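The values are calculated or read from the model by the stated rules, or taken from the named source; none is laboratory data. Because the structure is predicted, anything quoted here is derived from the model rather than measured. No Cβ is skipped: glycine too gets one built from the backbone with ideal geometry, and neighbour counts run over all protein chains shown.
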Amino acid sequence: MQLLVFNTATKTSKLYDASGVIISMWDNVPTVKVQDGFYEVIQKDEFDKNYPVFRCPISNTNMKIEK
């Protein structure tokens, strides 16, 4: 099981493995979308364009939203 943490105040997202080690992290994340069977991390680039940077299956991922 992995953990996806989305911080709405700092607009960051981190992905942890089962042992608590950070696998990936992203800045400038306006949202994490819930799609059909997966979470999708959306990142904003320097031109204010949003694009997906990561998808992970909901079935083996817990998501925590922090404020």
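Of all the residues in the stretch 31-58, those that are among the hydroxyl-bearing types (Ser, Thr, Tyr), surrounded by fewer than 14 Cβ atoms within 10 Å (Cβ to Cβ) and closer than 15 Å to Leu15 by Cα number 0. Put simply, of Gln35, Gln2 the only residue that is of a type in the set (S, T, N, Q) and at pLDDT below 95 is Gln35. Looking only at residues in the stretch 1-19 that are in contact (Cβ under 8 Å) with a residue 12 or more places away in the chain and outside any strand (DSSP E or B), the one that is farthest from Asn60 (Cα to Cα) is Ala9.
Is it the case, given these coordinates, that Tyr39 is assigned to a strand (DSSP E or B) and without any contact (Cβ under 8 Å) to a residue 12 or more places away in the chain? No. For the stretch 12-38, residues that are charged (D, E, K, R) and over 10 Å from the mean Cα position of the chain (by Cα) total 2.
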